[in-house]
1. Return the percentage of antiparallel bridges among DSSP beta bridges fully within region 300-443, rounded to the nearest 5 %.
2. Subtract the Cα-Cα distance of residue 432 and residue 512 from 0.36 nm times their separation in residues, and report this length gain in nm to one decimal.
3. So what's the angle, to the nearest 10 degrees on a 0 to 90 scale, between helix 255-278 and the longest Cα principal axis of the chain?
4. How do 529, 302, 497 rank when sorted from fewest to most other Cβ atoms within 10 Å of their own Cβ?
5. Taking the alpha carbon gyration tensor of region 296-542, what are the square roots of 5 times its eigenvalues, largest first, to the nearest whole Å?
6. Over region 334-471, what is the mean sequence separation of C-alpha contacts under 8 Å (at least six apart), divided by residue count, expressed as relative contact order in percent?
7. Specify the inter-centroid distance of region 121-157 and region 436-495, based on alpha-carbon positions, in whole Å.
8. Can you put 469, 538 in order of Cβ neighbours within 10 angstrom, beginning with the fewest?
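Nothing in this text is a laboratory measurement; each read-out follows from the coordinates by a stated rule. The model shown is predicted, which means the values in this text are computed figures rather than measured ones. A quick note on method: Cβ atoms are made from the backbone with ideal geometry, for glycine too, and the neighbour counts reach across all protein chains shown.
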C-alpha cells in the first residue's frame, strides 16, 4: 500500500506552510516504513485514480483537481488534509459574519462529505469548518509538522542573544498583511526588519534573531506555523485573534515545552492517518450514516394532516442540513390517510421516525412524546401547515452553536392566509407575522413565534410542555423558561411562512373563548415578568369574563 499526498503545488515549487507540512508528512511516513509520494493534483486523472484504487489518498490543496477526478476519488479511500477553507470560492470565511457563510455560498460539500475524515489544523479551524459544512467527519489534529532537524534549529535559537526589533514577513500575499504589520511598528516607533528567504532554514534563522515578531493576518489562519516557530524560539509574538494555533490549550507553553509538545503532535498525527485508513472501526466512525447522532430533532404533531403532509415532508427533507437532523412525527390518532405518504418517506429517509398513537394527547402531549424520543442537541417544533426556507434550520442551528449563552433562537416569518404555498412563492405580499426582539417584557406576546429552535437541555431545568393547555402551552413554556433564566435571541431575516389556518388551535374563531381562558391563566401566572407598563396595559383585557 502507498500513501499518495495530492496537492496543487508541491514543496519543490513553493515554501509555503502547507507545502512544507506536506513534504514533512511524506518524509515521516517513509521513515516509518510506509511508502508515500507527493503528487501534483493536475496529474491525478480518473485513470490515475483507477490505477491506484488500492492505495490511500491524502488530499491537501485540491483547487486544480478536476471535477471528474473528485468523482472518481469517491471509489477510493481518501482523507482531506485541509490547510485553508476550500468550501468557499474565495477561501475566506472572514467575508461573512461570525465566519458563517450561507448555504448558497458553500462549494465542494460532497467532496468533503465523502472523505473518510477532514483533518483540520486547530480547534478554531475545525470549528469554522463545522459551522459551515455541518459534517460529522471533521477531526482536529491540533498542530503542524516539523522534522527533528528543524526542531534542532529551533532549539538552538532559544537562548541566543536577540536584536531588540520586530520581524515582519515580507510577503506578497495580501491576506498575510505585511503592510498592517509595518504600520503597527511605525505607529510605535519600533524598529523592524522585513524577513524573507529562498530557504526555510535561513528564514528560521532570521526569525529567531529578533526579539519580537509581528503578524496580523486578514483572514483566519488555520494554524500559522510561523507564529509557533517564533514562540518555540522564545520570540515575543504580537498578533490578532485570527491565528488558529492560539485556540489550542498548549499554545502558551514556553520554548522547550512547546517543542516537546509539537513532537508529540507530529507522532500522533502520523498514527492518526495510518489508523484512519487501516482501522475499519475508525473508518466507520467517520462515515456519515443517517442513524448517527443528529444535530437537531424536529418534532411534529399530526392530526387531520392529509391536506398538508406531502408538502410538509418535501419541505422538511429539503432542508439544507436535513441529513444532520431527525424528524419525529407523532400521529395523535388521526382519522386521516396520512400513512401511505409518511411510510413512503420513511423508506427513503432513515432519519424520519413515525409513531402512531391510539389516542389523542393534544399537541403539547405529542410534542412531549417527541422530545422524549429526540436524540438531537437542539429541538424545533415542525408544524404541518407552516413552511421553512431551505436554510432556516441551518441558520438557526448555527446561531445556537455560536452563542452558548442563548437557549432559543427565532426569526420573523411571512404571513399567508392561503394553504400549501411555498416560501419562495406565496401571497404574503411581504406581510410578516409580528414578533419583536427578545426581552422579558416583550414576552407579553407569544415570542418566539411558530418555528423556533432551542436547546434540548432547556427541558432538563424546566420540564416539558404543560399538556393541560390546548393552545397556550407554548406561550406558557417560553415564559417558564425565561422565568428560570433562559435567554432568547431574534435573528435578522425572514426565514419562514406562517399559515394563519382558520381551523388552527389559536386561530379558529370557534375556539377563541377557550383560548382566552388559557391565556388569562398564563398572564396571571407570569405577569411579574411583563413589567409595570404591560400589566397596566393588559390588566383590563384579562379581567374580562
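1. Roughly 10 percent of the DSSP beta bridges within region 300-443 come out antiparallel.
2. Result: 26.6 nm gained on full extension.
3. Between helix and principal axis, roughly 70 degrees.
4. By the 10 Å Cβ count, ascending: 529, 302, 497.
5. 27, 20, 19
6. Computed value for region 334-471: 33 percent relative contact order.
7. Each part's Cα centre sits 40 Å from the other's.
8. So the ranking, lowest neighbour count to highest, is 538, 469.
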